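Just so it is clear, none of the values below were taken in a lab; they were calculated from the coordinates. Note that the structure is predicted; figures quoted are calculated from it, not measured. We place every Cβ from the backbone using ideal geometry, glycine too, and count neighbours over all the protein chains shown.
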Amino acid sequence: MSRIIQFAFLAILLANLNAAVIQSHGDHPYRKHWRHSTFGEKAIGGVVAGAGVGQLSRHPRNYGGGAAGFGKRLGAGFASHGVKTTVEHAVAAPLHEDLHYHRSSQRGFGPRLGHALKSTVITRNTKSGKRRPAVGRLSGHAAAGAVSQAALHAGSGASTAGIGLAADAGANVGREFWPGHNGRKPSRRIRSHL
């Protein structure tokens with residue numbers, strides 16, 4: 001339990017350090033995106049949902065059950081999520097990686113699904129526009145896995161990283177096919193059923 005408190009303290013320290021840097025240097029786009037993806041409503045909801053799923057499946061078993069077990073899962077989730085997003089943004093910023101998902105301009109289910117899945121591990125450089133491996137995203141998941149395994153004793157680091165990448169892929173598929181997301185209007189066939 002003391003490790004979870006240490007990681008929570010580290011997350012608060014990083015947030016305060018980030019606020020101090022923003023005051024002295026202005027708000028950089030990566031800092032805004034980091035703050036939103038670490039402390040935003042969707043991020044907090046995702047961590048709470050993950051702790052709930054872990055509680056229902058009793059994973060990891062060494063956290064136990066009840067409110068104490070849920071608290072441990074919640075703390076571990078916030079710690080690993082904070083590490084993931086911090087490393088992801090710290091690596092992506094100097095490499096000029098675009099961390100946002102951009103919907104495909106192609107038509108048809110197969111090409112759009114392929115685009116969504118590839119976008120999990122491939123991104124665009126914001127300066128040159130060239131496609132490149134998403135080093136920031138991959139590093140963030142690897143760091144979260146390492147923290148989960150070494151410091152939190154929550155499970156295998158490789159499985160944590162793999163589950164995180166699979167969740168990102170699923171979210172990309174949802175972003176690609178969910179009607180009306182990112183300003184794209186649903187097709188006529190979908191609108192007639194709404």
What is the order of Ser37, Ser104, Ser119, fewest Cβ neighbours within 10 Å to most?
-> Ser104, Ser37, Ser119
Grab the beta carbon distance between His96 and Ala150, set R0 = 22 Å, and tell me the FRET efficiency rounded to 0.05.
-> 0.15
List the lysines whose Cα lies under 27 Å from the Cα of Lys84, skipping any in the same chain that are fewer than 8 positions away.
-> Lys32, Lys42, Lys72, Lys118, Lys127, Lys130
Which FRET efficiency value, to the nearest 0.05, do you get for Ser128 and His36 by plugging their Cβ-Cβ distance into 1/(1 + (r/R0)^6) with R0 = 30 Å?
-> 0.75
Within-14-Å neighbourhood charge of Pro94 [Cβ basis; K, R +1; D, E -1] = 0
